[in-house]
Each structure stands twice: as structure tokens, then as C-alpha cells.
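As C-alpha cells, the structure follows; a few thoughts come after it.
Derivation of every value follows stated rules applied to the coordinates shown; laboratory data play no part. What you see is a predicted model; the values in this text were computed from it and never measured. Please note: Cβ atoms are built from the backbone with ideal geometry, for glycine as well, and neighbour counts cover all protein chains shown.
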């Protein structure tokens, strides 16, 4: 490959996120696209909270602006910046500094521990699910922990995908192998999604290796708990790296967690020194990205049965951070009979744990309003979306089922 | 994905190429590092506003065709300018914004008030801006909104009244609207006015301020999603000329035009991939065989029979001036023509004056094809601000160059498909 190859290290490499703020020309493109500042005066917008305020922030010096905590971390500002300013990353780091200065709420220490919560809830799933659906209990949780009583919470599956799947038989005549990173969501709450992902991969003659794996640390990172987030993601990278030493790819069905592995952990947490993580970053693929790559090489099975369904597809903000377009749309177009509508709203608002928090609950719903309007106008049977927390929010606000794109392919392959 | 064409860059030039190719049945991918500069500009299409002596141009198409090399207008077929100026209003008309339309012909410049009260010649403009042509608005009330930054009605009114165009203007300021909790900038006001009741309320407040035969000028804030309807509500209610004056960024008319072009691209099956930085290419048989793209975590390659390079110029970072005096094209390392040599002056003394660096741009042949290491790349076209040889800030030609060259590149790529009989 030829190329200019000069001064291109504006988002990766040795340059810190903070150094990118000098590329900001105050053009307002991030402001035009910020879904949070469009609905609340509590967040003054990415430009103001980011590059402009950052010039006044120094370690140990007075924080100029606490409003940065109202950034949802959707990352859209960084995606649209034409000059490579790491706006969302700068804001995430400023939020972590704020939390170091002001202390971390008990709530944020609890709801960000998705693996720990999963471990606690799994053996007692019926009780835990009943409790989480219990209005007086949720009222109490709101009073004590400031988790909004109506915020969408998942149901525990009551069994762990990872435990069960690691004992699976190998595919004997596989063409190649991938390593499956399922994330906490599929491990504790939606093991069916993990099973469908494996089934779709195996249907295409691909062996799936499932190593023991923990949380990527994203929920902690997005609430400013960087120390814990670093510990978790380093541990996960060390768990995954041995399985990809042969050059195979990691395939992930949680688009926000795979973005964490690809980019955010390195950039936001500044883990440029972790060789395991760097290798994991290079070799991680979102499931739909992976399947479209297969298709481009002529290796994807296209024996799809017709599906007489009306689907609306929402590409979540974090999926857009991958820089891969909308591969789910490419895949859906291969399925005969699908009545497909592409939503162009940017964000459903939930942004991981943001919309669970009492003080941000309504903001998150307002952020998603364009999406709710578009879903209503499209009137689909179901909404497809790559991120689990977004699906919980979509189902609650649109009163329609929401599925991962893989589930549509799974049905179209006749695997159900 | 196996696209027919890859467009690099998502400004006016790149999107024009992309929409045309997609609407001609070609599979198009737009790769962009970020959102283009379209939403920073007023989205009026300035083809040529001023001649080299500073005189106002009356007939922009005729004047554009008189431009000599290396000006971008000299590089396209003469009919292209007219065709491109006819294409854009058509595209807007079939876009998602019902009742929103562009006016102007390119045969005669519109003369449009700016946010400083100056008058700018422009070939095409949204109808709600074109209505402000100073020749049709001898008396005008310029209305601002309390708390709105960068829009000062008294300044605008004074300058319009003192200008060369027999306009008598006065100023007024509306209170910040009830129910708008957000900062009253053009963007937040536009979202607020997308609700019909708020547009009706604005009409009522304006009625209280205006005198019998005055036109009304407001900041360009009349809605993002239903600007056609909002403008109609105000005209029906006030029974007079009412027009928008473009503001500093964020530009609401720019956001409308971006919405139109991206929607048309999507409807024609085009793919938009953001956050993708093109870092190089592989050349085979004097053509681009594949490009390398840096995305989150890794690099990918994309390949297509045709490429459009719409990455912009120095302002977008697509062309960089090194401290070693070397001028580089950042994505593919394409050759730059007319750059000042080491030691020569790159900038003039007057900020808005002439600058030698403005002549520099990606070097192209008669079919807009660039060179890489001495080889002309047969399947690539360079458009928009990537082409040197123009002084858009002096001559008012930026959007015109982007539209016309973006249109021309699509024609050339479509011709190439036809020659090679590539089925759509």
C-alpha cells in the first residue's frame, strides 16, 4: 500500500486524546449532531464541554464545569468531527476527573458491575426477576440508589451461557475458527442471542471457540470509574489473547463492548501499553461486520428462507463508532421477503447506563424521541438493533419487540 | 459490499457525485472521516459573485465559463455548469423536505443580505433566502431574537440602509420564546419552530412589530424538518415578503441541504460510512485497485471500479502545508500542482486578500484525474475544494465549484461505466 502516511496519528498511537483538542476549529459540527444538548440545557454541548473547557482543565486545578457529567457518552461528536478531535474521549476523561474530585455515587459503583450483578442474579433468577419487576421495590431502589423506577432493566436468564457453551463439542469439518466474545449481556440475560450467534456462525462452517471471559469494563468507564474499568478490560484482554495468537478473529455480538475492545479502552483509558489489548483490538469484529466480510469473499451461505416480516433497523450510536457503515442492512437485503425500513435517528438515548439514572432518565427518553417517532411511522413488526441496552429501551418506549440482527438471520436460515 | 463507486468525502461535492451515481443505479459507498463542511456554509450556491477586479458579476454562468486554467470551472465541459445548477433544485424538490425549494437560474445573480448587512451575489438559494434579494425589498424590518449570538439586527439594518441598494431597514428584537429552555441559537430555534404551534406564535409576534409595507428578515432558523411549511405559515399569516438571512455556523440551511442529499443517497441504496480515514491506495495498471481505510481498531480495504476524491483542501485538512514547506495530499499522497516552492511566499498580507497557496491543489488532467508518483490514475476524479486555482472567499465560488465539479465527476464516471459496458 502506498499513501501519504504522514501525521495521521490523530486518533491512535502515542498522541493522547487531550492533544487532539488543538485540531478543534470551533466549527460546531459536533453541536449540530449532539443528541443530548438538543433536548436539555443541562448539557451545554460537546464543543463547550469538550475542547473549549478542556483548555482550562488541569490536574489539581479547579474544575470549571460539572455539566460534563450530563454527556451520555454516545460518541457521536467524535464520529462527526471532520478534524479528528477526540471530543467524546476528552469528555469521558474529564468526567473521570470530576468523579475523582467529587466522589462516586454508590449507585454508579453498583449498576456498572454487570458481571457481578449477573453472578448475583443468576442463581436466584426467579426471585431476582420478580423483585426487579416489583413496583414498591423499584420505588425503594430509586429512593436509595437513584436508579429510575421505570428504567428498563433486563431479566436474568438464570443460567450462564459461558459455562454451558465452553463444554460444547467442536465442529469437526470447520473451514476456520473464530473466538466468540459474547459479553455480559448475552452471558447473564440473553443467552439465546449467544446461542443464535454461534448457530449462525456454525451454519457457515465456522468453528466457534468460547474462552472464559469477563466484563470489558465499559459500564465502569462510562460512569468515570477508570481504575476499575482498566482492571476489568486488561483481565479480559489477557483471557482472549491466547485464543487469537493464531491470527483468528474475535467475533462479538455486543456492539458497544466490541467497540470498547477495538478502540475505547485504548483511547479513553489510555492503555496503549497493553500488548494483549492491542492484539485484541486489531482482531475484533462486530458480528455483522464479520458476516459481510464473509459475503464479500463469497463464503456466506445465502440459503435464506423468505421472511414475511416488517423490520425497522436502528444502527445504535456505538455501532456507528466502528466506522463500518451499517453491515446489518447489507445482510437484511439478502433475506427474501423482508420489508425493511432504515431508521436514521442517531441515538435511542439510553447510552448504556445513562438512561437508568434517575436524573437522566427523562433526558434519555427525549433523546430517543426522533427514533420513537420514526418507529411509529414505519409501524414494523419488530425493531432490529445491535446493542442490548438500546433494545431494552426501544422495547419499553416503542412497545414493540426488538431483536439483534443476528436473530433475523437465524430465523431466515431456518435454524429456529 | 462490492460497490461500483467509492466517494471519499461527504461535503457538497462528494455528496453530489454520490447521489448522481446512486440515482443512476450504481452502488455507491461514501467514506468520510467526519461530517463535511456543508453545514457550516449558508447553502446558497455561489457560482461566481465577483470578477477579478471586485465588480459584481451579473451572469454567473457566463462569467464562470470565461475562467482560465487552472480555475476549476475551466476543467469541466461548458454545459456542465448549467446542468449542475439545474440538477440541484430538482434534487431538493424530490428530497424529504416537503415544500422546500431552491430558486435562481445561474443566468442572473441573486443579491442576498448577509448577517453583517452586506450583500452577497449568489446563483441559487433556498426560496426562503432568495426572497431577500435587495432589489425586491426596499423596506425591511430585520428581526433578531434576544440572546441569540452572532445575529445583530441593528448592525444588519444599518449596513443594509447604508449600502448601495436603496434599502431602508430598521431593526427589532423578539423576546426569547416561551417554552424554549435551550440557548436561543439558530439551531435550537429551528428545532423549536418545527412545531407548528411555535411557528404560529412567531407569526403573531412578528405581526405586532411590522409596519404596513415592510418585508421581514429573520435569522435562518425557520425549521429543519418542515421549513417549507413554516415559511408558508409565516407568509400566509403576515401577507408580505418574509425571508431568512444565513447565520454563522451552525447553519440551518446547510443542515437542511445535508439532510436532503443524505436522504436521496440512502433512498437510492447508497451507503454512508463515517469515522473512516482513508490512508492510502494500491495502484495496478495505472488505476486505483483498492484503498486502505483506518477505522476503529484496524484497517480495511475497499475496492471499486471508480473513485471520486472529494476530501477538500487546506481548510479541511485534506491538503497540508508542512513546516518543511512541502504541500501534501493526506489521503493517498496525490501530486499537488502550483504549490509555492520552498522559500516562496505562501500567504499574502491581507487575510481576505490573495494568497499564493490558493493556487495549489491536487493536480488533475482534462478529465479531473489525479497523479500518483507520476502515474495518471485512470479511474479517479478529483472534485471540490481539493482542486486549486480558485479564490472562493474573494470571488464567491466555493459551493458552485463543489456542485459543478461533483456533478462533472459523476458524468465522467458514468461514461466510463458505459464505455466498459459495466451493467448497472
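Neighbouring Cβ atoms within 10 Å as the yardstick, rank B:103, A:407 fewest first. Spell out each step's value before the answer.
Working: B:103 15, A:407 20.
Final ranking by Cβ density, sparse to dense: B:103, A:407.
Between B:106, B:36, B:136, the GNM of chain B built on Cα springs shorter than 10 angstrom shows B:136 fluctuating the most.
Based on the reciprocal of the average 1/r between different C-alpha atoms, the Kirkwood radius for region B:277-408 equals 15.5 Å. When both region A:271-325 and region B:125-189 are represented by their alpha-carbon centers, they are found 48 Å apart. When the Cα atoms of region A:20-151 are aligned to their principal axes, the ranges along those axes come out at 54, 32, 26 Å in descending order. Taking label points 7 Å from Cα along the Cα-to-Cβ direction, residue B:341 and residue B:393 give a separation of 2.7 nm. When only Cα pairs below 8 angstrom with a gap of at least 6 residues are kept, region B:127-180 shows a relative contact order of 41 percent. Listing A:290, B:347 from fewest to most neighbouring C-beta atoms within 10 Å gives B:347, A:290.
Determine, for A:176, A:57, the number of other Cβ atoms within 10 Å of each Cβ, and report the residues in order from fewest to most.
Details: A:176 12, A:57 18.
So the ranking, lowest neighbour count to highest, is A:176, A:57.
Calculated from the alpha-carbon coordinates, region A:288-350 shows an Rg and a Dmax of 12.8, 37 Å respectively.
Nearest-5 percent of antiparallel DSSP beta bridges in chain A? DSSP beta bridges in chain A are roughly 5 percent antiparallel.
For chain A, just say rounded, prolate or oblate: build the C-alpha gyration tensor, square-root its eigenvalues into a ≥ b ≥ c, call rounded for a/c under 1.5, and beyond that prolate if a/b exceeds b/c, oblate if not. Don't skip to the end; give the middle numbers.
Working: a/c = 1.40, a/b = 1.23, b/c = 1.14.
Note, shape of chain A comes out rounded.
Of B:18, B:220, B:310, the residue with the greatest mean-square motion in the GNM of chain B, using alpha carbon springs below 10 Å, is B:220. Across region B:152-194, the mean sequence separation of Cα contacts (distance under 8 Å, 6 or more residues apart), normalised by length, yields a relative contact order of 28 percent. The mean of 1/r over all pairs of different alpha-carbon atoms in the protein assembly as shown, once inverted, gives a Kirkwood hydrodynamic radius of 28.2 Å. Once C-alpha pairs closer than 8 Å and six or more residues apart are averaged by separation and normalised to the residue number of chain A, the relative contact order reads 15 percent. Put the Cα centre of region A:233-269 next to the Cα centre of region B:46-62 and the gap is 56 Å. Only Cα pairs within less than 10 Å get springs; with that Gaussian network setup on chain A, which residue of A:303, A:379, A:286 has the largest fluctuation? Among A:303, A:379, A:286, the largest mean-square fluctuation in the Gaussian network model of chain A belongs to A:303. Going by alpha carbons, how many degrees (0 to 90, nearest 10) lie between the helix axis of B:78-93 and the longest principal axis of chain B? For B:78-93 against chain B, the angle is about 50 degrees. When a/c reaches 1.5 or more, the comparison of a/b and b/c decides; with that in mind, is region A:151-249 rounded, prolate or oblate per its Cα gyration tensor? Judged from the Cα gyration tensor, region A:151-249 comes out oblate (a/c at least 1.5, b/c at or above a/b). Does region B:90-157 come out rounded, prolate or oblate by the C-alpha gyration tensor, with a ≥ b ≥ c the root eigenvalues, rounded set by a/c under 1.5 and, if not, prolate when a/b is larger than b/c and oblate if not? Oblate, since a/c reaches 1.5 and b/c is not below a/b. If you average the alpha carbon positions of region A:109-140 and of region A:147-207, how far apart do those two centres end up, in angstrom? Each part's Cα centre sits 21 Å from the other's.
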